[in-house]
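Accompanying notes for the structure given below.
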Amino acid sequence: MSSPVSSLIHSHYLPASSLAMGCRLAMGVMSALLSSALALGKPAQAHHSFTFNGSKYWCAGQSHDDHENNSCYFGGLNLGSVPEDLLSGLTNLESVDMAESNITSLPKSLFSELSNLEKIYLDSNSLSSVPEGLLRGLSNMKRFGLEYNNLTSLPENLFSDSSNLSILNLSNNKLTSLSENLFSGLSNLERIYLNDNDLTTLPADLLRGLSSLKDIDLRNNDLISFPKDFFSNLPNLKNVYIEDNNLSCKPELPPNVNLDVSDSQLPVCEYKIVL
């Protein structure tokens, strides 16, 4: 006596009801798989979305932080004047990349809900200013990039809540001066990029309290000299870059600090003693 299985194998067809049931099962499985992987066109790696000009976009294809799930890359969208609610609800974001998005202005409250942010990239835009309080409450931020914009100045308290900031890039702007307290409280700051600006002088206490500072880049400015003891009390300082300025003398540095200067024959700066 043949078993039901052997009978099924040796038959040349399946009953219509079995075929229909099998098809419905297969279609259901495929539908479930497709829905979970491609729901609403969502990329498999994306976890966040934002709305711009009435269209919904999924955060994907991160350029600076490709390995991170909690990041959002705007892919060169022509953002212009950024809407205040662009990042609304994305409270878990750790990295926001708005580079090369033709940004002309930023709302003060753009990042106000994103207390977990660690990295912000705003480079290669058309910003001529940033609002006071833009980074308020972002105590976890470690990297901030504003290079390649049209900034001439910065709010004095821009980084007042950024105590964990370690890398700051302000290069390739049009900065002419900096507030004496701009970097106040940034005891974890390790690298500052101020190269390719229009700086002529620097406040005497600009670097005060930056106990973690390792590298500072001041190349390609219009600096004439440095304040006395400008680079003192910086125990971790390793590299100072001051090439291509208008210096007539070079600052005195501790022996373990590397100084890159256009003219190695420049004399060390001497300062008059005021009685």
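In table form, for the structure just shown:
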item: Subset tally (residues that are in contact with a Lys or Arg (Cβ under 8 Å, 6 or more places away or on another chain), more than 22 Å from Leu135 (Cα to Cα) and surrounded by fewer than 18 Cβ atoms within 10 Å (Cβ to Cβ)) for the stretch 174-225; result: 4
item: Candidate set: the stretch 114-140, residues that are among the hydrophobic types (A, V, I, L, M, F, W, C) and touching a Phe, Trp or Tyr at 6+ places or on another chain (Cβ under 9 Å); chosen: the one surrounded by the most Cβ atoms within 10 Å (Cβ to Cβ); result: Leu117
item: Test set (1) modelled with pLDDT under 75; (2) on the phi < 0 side of the Ramachandran plot; (3) out of contact with any Phe, Trp or Tyr (no Cβ under 6 Å at 6 or more places or on another chain) - Leu40 fails condition number; result: (2)
item: Selection within the stretch 220-245 - in a loop (DSSP other than H, G, I, E, B), touching a residue at least 40 places away in the same chain (Cβ under 8 Å) and under 20 Å from Asp196 (Cα atoms); result: Ser225, Phe226
item: Among residues of the stretch 226-242, those that are modelled with pLDDT of 95 or more and surrounded by fewer than 16 Cβ atoms within 10 Å (Cβ to Cβ), counted; result: 4
item: Flag for Val261 being exposed (fewer than 13 other Cβ atoms within 10 Å of the Cβ), among the β-branched types (Val, Ile, Thr) and farther than 17 Å from Ser177 by Cα; result: no
item: Verdict on Ile192 being within 17 Å of the chain's Cα centre (by Cα) and either within 16 Å of Phe230 (Cα to Cα) or of a type in the set (D, E, K, R) (or both); result: yes
item: Search result, residues across the stretch 186-241 that are of a type in the set (Phe, Trp, Tyr) and within 21 Å of Ser163 (Cα to Cα); result: Tyr193, Phe231
item: Leading residue by the ranking (farthest from the chain's Cα centre (by Cα)) among those in the stretch 246-275 that are in a strand (DSSP E or B) and not acidic (Asp, Glu); result: Val268
item: Residue within the stretch 86-101 that is of a type in the set (S, T, N, Q), within 16 Å of the chain's Cα centre (by Cα) and under 23 Å from Asn157 (Cα atoms) present; result: yes
item: Residue pairs meeting the criteria (Cβ under 7 Å; at least 6 apart or on separate chains; first farther than 19 Å from Ser232 by Cα and modelled with pLDDT of 80 or more, in the stretch 253-275; second of a type in the set (Lys, Arg) and surrounded by 10 or more Cβ atoms within 10 Å (Cβ to Cβ)); result: Leu266/Lys250
item: Any chance Glu147 is modelled with pLDDT of 95 or more and out of contact with any Pro (no Cβ under 7 Å at 6 or more places or on another chain); result: yes
item: Flag for Asn172 being within 20 Å of the chain's Cα centre (by Cα), at positive phi and not hydroxyl-bearing (Ser, Thr, Tyr); result: yes
item: Criterion: assigned to a loop (DSSP other than H, G, I, E, B) and out of contact with any Leu (no Cβ under 9 Å at 6 or more places or on another chain) - qualifying residue of Ser109, Ser124, Ser128; result: Ser124
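The values are calculated or read from the model by the stated rules, or taken from the named source; none is laboratory data. The model shown is predicted, which means the values in this text are computed figures rather than measured ones. Backbone-built Cβ (ideal geometry, glycine too); neighbour counts: all protein chains shown.
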